[in-house]
1. How large, in percent, is the carbon and sulfur part of the accessible surface of the chain at a probe radius of 1.4 Å?
2. Order Glu39, Glu11, Glu73, most accessible first, counting only protein heavy atoms with a 1.4 angstrom probe.
3. Dividing the convex hull volume of the Cα atoms of the chain by its residue count, what figure in Å³ per residue is obtained?
4. So how strong a dipole does the chain carry about its Cα centre when Lys and Arg Cβ are +1 and Asp and Glu Cβ are -1, to the nearest 20 debye?
5. What number results when the radius of gyration of segment 28-68, computed over Cα atoms, is divided by 2.2 N^0.38 Å?
6. At a 1.4 Å probe radius, which order do Thr36, Thr130, Thr135, Thr58 fall into by accessible area, largest first?
7. If you bin every alpha carbon distance in segment 86-177 into 10 Å steps from zero, what whole percent lands in each bin?
8. Given the chain, what count of lysine pairs have C-alpha atoms under 23 Å apart, with each pair 8 or more places apart or on different chains?
Amino acid sequence: IEKDFPITGTEAVDSCDATTGWTDSADMTVSLNNTTFKEGTGSLNLTKDGTATASASTSKTTTSRDFTSKRLELWIYVADVTVYAQLATTSCLTIRFGSDGSNYYEWLKDKSSLAVGWNRIRNLTSANATSTTGTPVIAASDYTFVQLTATSSAQVWAAGKIIMDDIVVASADDLIK
């Protein structure tokens, strides 16, 4: 069981307080949520509103961070059991972090990694990535990608049903005070 949690000193990758720069797939619409958030002044609604595919994603060239010996962390909120039931059992959440869309680390998270409410997705490191594509420049990681996969292409959910907030990188010394 992972119980460590950064206390101080994390480096912001994206605060998720604005939609600026996020590029959505055809089945995803990202919008600002100023009501439900963990940190800062807002969060991002990850709305699956298209039915072409089961997956919906968004990506951004985020603040460049040195990812060497660090871990990526972010918050994902699942509003209720109805939207939770719409998520695929395996690989319902895909996260990519690297130097661009051709050079990144990728982590696949199953539905069992999530629950209704706020979920801290943490301890994503270059060493424990599910896969690596290309040759990421670990000292200059500024590409962030998040994808949700539903049980079928027909599944959609409204704004506020799945939310993302506070994407950071943390070092070992961020865990002590």
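1. 50 percent
2. Sorted descending by solvent-accessible area, the residues read Glu39, Glu11, Glu73.
3. Per residue, the Cα convex hull of the chain comes to 108 Å³.
4. 340 debye
5. Normalised by 2.2 N^0.38 Å, the Cα Rg of segment 28-68 equals 1.49.
6. Ranked from most to least accessible, the order is Thr135, Thr130, Thr36, Thr58.
7. For segment 86-177, the pair-distance distribution reads 14, 43, 32, 10, 1.
8. Step by step, the pairs that qualify in the chain add up to 23.
The values are calculated or read from the model by the stated rules, or taken from the named source; none is laboratory data. This one's a predicted model, so the numbers in the text were calculated from it and none came from an experiment. Cβ coordinates were reconstructed from backbone atoms using ideal geometry, including for glycine residues, and neighbour counts include every protein chain displayed. Quick note on the areas: whole protein, heavy atoms, side chains included, nothing else; ligands and nucleic acids left out. Shrake-Rupley method; radii C 1.70, N 1.55, O 1.52, S 1.80 Å.
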